[in-house]
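See structure below.
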Amino acid sequence: LAMTANSNGSMTINFNPTPSASQHWVRYRAAGSATWNSIPVVNRPHSLVSGAGTFEVQAGAKVGNRTFWSCSSFITVLPTGNINRNVKFRVNMTGLTVNPAGVYVVGNLQGFNAGVTRLMPTAANPNIFEKDTVVYNGFTMNYKFANGDQITDAEIVPAACSVNDATHGALRTVTVTSDLVLSAVLYGQCGDQFVGRVAGTLTYDNTAATAMTNSTVSLSGSSTGSQGTAAGSSFGFDRVVNGNYSLAFSTNKPWGGVSSSDALIINRHIVGSVTLAGIRLKAADVNNSATVTTGDALLVNRRVAGLVSSFTGGNWVYSTQTGSVNNDTVTVNAKALCVGDVNGSYVPSTAARMGSTTPEMNGVVETRGGDYTLEIGVDRPVNVGAVTLFIDLPAGMEVRDVQPALAESGTEVAFKQEGRRLNIAWYTLDNWNLQAGEALIRIVARGNAEGMIQIDNASEIADLNAEPVSGLTLRAARLVLQNEGLFVYPNPSNGLFNLHHANTMDQIRVSDAMGKVVSVDYPSSNRWVIDLSNLPLGIYSVEVRSGDRTETQKVVIR
């Protein structure tokens with residue numbers, strides 16, 4: 001189907017006839033219209049008066065009882081007195097994989113029909129694709145290129161060189177006032193020259209600069225693009241033209257690394273003891289108010305305890321990355337940080353600290369008969385500024401309140417119990433020094449429960465400077481339904497055993513497996529420590545006399 005647009009509102013059409021056809025037709029319709037106009041054709045070439053505009057045209061042939069139509073062609077017909085203008089579309093596909101279906105232009109010159117107006121590679125440079133067309137003088141073309149024959153294959157034209165169409169989105173535009181050979185614009189870009197590169201890494205803002213793998217980097221400005229970070233958290237945009245750029249980041253990695261230590265640091269920043277800046281200051285503004293206040297510290301504590309599940313400021317913040325390319329390679333070292341993790345303690349994509357530990361047993365607490373208080377203490381002198389505890393409780397224990405052992409601390413304890421899990425978050429600005437054996441936290445509870453609490457390894461005790469305390473052992477009493485009889489702990493042990501009795505112990509006698517007495521003590525107390533570390537490994541009997549009552553338990557030295 002060959003067509004020529006005339007300057008008098010008409011077009012001339014020619015086609016090869018079908019020899020066996022009894023009748024030939026031409027039909028046409030305005031671009032975007034659903035209604036065809038059909039005209040029988042006797043002589044060729046055939047002229048028809050369509051009026052000015054862009055039209056879709058097909059040739060038809062009737063063979064027997066069936067009519068066959070050709071593929072559509074598009075033509076722009078000029079109003080009477082207007083002038084034809086020749087336009088050559090050009091696009092540079094360098095660096096891209098060309099869709100096997102081809103490269104196309106889609107626009108108002110052909111009714112935004114995808115897969116119709118195909119560009120062909122040039123002999124001089126097969127990465128550059130071209131297409132000649134004719135429009136009338138003064139016609140404003142709005143269009144975009146497509147790497148494929150579907151509208152979904154179309155490029156995303158940067159805002160810097162596009163107009164927005166409510167239906168078709170961002171489009172390139174040019175008003176034709178003379179014959180034009182358009183620049184071979186870079187596909188998806190504004191310019192026609194590759195002149196720069198934006199590349200770098202995205203790492204977490206911690207001491208190890210942990211790679212932020214499997215994250216997304218988006219480029220905007222004079223060039224646009226989006227890509228995922230590689231194994232080493234690297235990224236690179238090679239098809240960049242001169243001009244300003246901006247980078248945005250996102251990740252699917254889980255939020256983490258936030259504890260009461262971060263709430264303490266935020267408060268210390270507020271009072272001027274420490275200074276937060278840059279991305280860490282941004283991470284401190286968890287309520288996204290553009291200021292950092294005690295409200296942010298409170299929200300951090302509440303999220304650690306599980307009282308809130310999210311921050312208004314989101315889960316992640318990133319360092320601001322803007323700049324310009326000017327015939328060079330720009331290297332970007334971007335940082336990511338979880339909102340609230342102002343000390344940069346998180347290590348993304350590594351296994352969480354799994355498991356739990358049993359605190360050192362320190363006496364017993366009777367749980368039958370109403371409310372009771374379980375103290376969690378320390379085994380050595382320590383300075384405490386923040387407490388983050390994740391505790392697994394014995395079955396049947398219902399927590400009523402959690403209190404710091406520091407009198408008049410001025411800071412609420414955030415806590416939440418879900419089933420048998422108790423989350424505790426608390427901090428203080430006071431310089432609080434605990435001695436060995438002193439209480440750290442008091443848990444007020446009720447409900448019949450037996451056993452020891454378990455402390456999750458993700459728990460953390462930090463000092464006044466929010467530095468985690470290492471090597472600290474916590475102590476807690478064993479819960480019993482009724483405080484009667486003898487408790488020996490730990491058992492087995494290396495030879496040191498704590499004995500706790502509901503009443504005063506008058507005599508403690510230890511015998512070996514042969515019945516030989518190896519140790520005798522007279523404590524006159526309900527608590528005592530026996531040291532059997534000088535004895536051989538094995539099983540021993542501990543006999544305790546209290547008044548006229550005698551109890552015996554086996555202990556193991558290993």
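Listing for the model above:
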item: Nearest-20 debye value, the chain charge dipole, Cβ charges on Lys, Arg, Asp, Glu; result: 2460
item: Cα-projected label distance for Leu535 with Ala30, points at 7 Å along beta-carbon direction, nm; result: 10.6
item: The chain - mean residue ellipticity at 222 nm from DSSP helices (-39,500 (n - 2.57) per run, n ≥ 4, rounded to 500); result: -1500 deg cm²/dmol
item: Pairwise centroid distance, computed over Cα atoms, of the stretch 322-344 with the stretch 1-54, Å; result: 59
item: Considering only the chain, percent of DSSP beta bridges that pair antiparallel, nearest 5; result: 90
item: Tilt relative to the chain, helix 294-305 - C-alpha long axis, 0 to 90 degrees, to 10; result: 80
item: Cα-Cα separations in the chain greater than 44 Å, expressed as whole percent; result: 50
item: Cβ-Cβ FRET estimate between Leu496 and Arg442, R0 fixed at 35 Å, reported to 0.05; result: 0.85
item: Alpha carbon Rg of the stretch 460-501, scaled by the compact-globule rule 2.2 N^0.38 Å; result: 1.72
item: Trypsin sites (Lys or Arg not before Pro) lying in DSSP loop within the stretch 291-374, provided at most 16 other Cβ fall within 10 Å; result: Arg353, Arg368
item: Lysine pairs in the chain with Cα atoms under 21 Å, if 8 or more residues apart or on separate chains; result: 7
item: DSSP-assigned coil residues among chymotrypsin sites (Phe, Trp or Tyr not before Pro) in the stretch 394-467, each with at most 16 further Cβ atoms within 10 Å; result: none
item: Cysteines in the chain lacking a second Cys C-beta under 4.7 Å; result: Cys71, Cys338
item: Of Asn423, Val510, Val339, farthest towards positive along the dipole that unit charges on Lys, Arg, Asp, Glu beta carbons give the chain; result: Val339
item: Cα-based convex hull volume of the stretch 356-480 per residue, rounded to whole Å³; result: 92
item: Rh by Kirkwood over Cα pairs, then Stokes-Einstein D for the stretch 486-557 at 1.002 mPa s and 20 °C, µm²/s; result: 179
item: In nm, spacing of pseudo-spin labels at Arg197 and Leu307 (7 Å Cα→C-beta vector); result: 5.2
item: Dipole-positive endmost among Ile266, Ala52, Ala21 within the chain (Cβ charges, Cα centre); result: Ala21
item: Net length gained if the chain between Asn252 and Phe68 were fully extended (0.36 nm per residue, minus Cα distance); result: 60.9 nm
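Laboratory data are not the source of any read-out in this text; all were calculated from the coordinates shown. Predicted model only: the values in this text are computed from it and were never measured. Cβ sites come from the backbone with ideal geometry, for glycine too, and all protein chains shown count toward neighbours.
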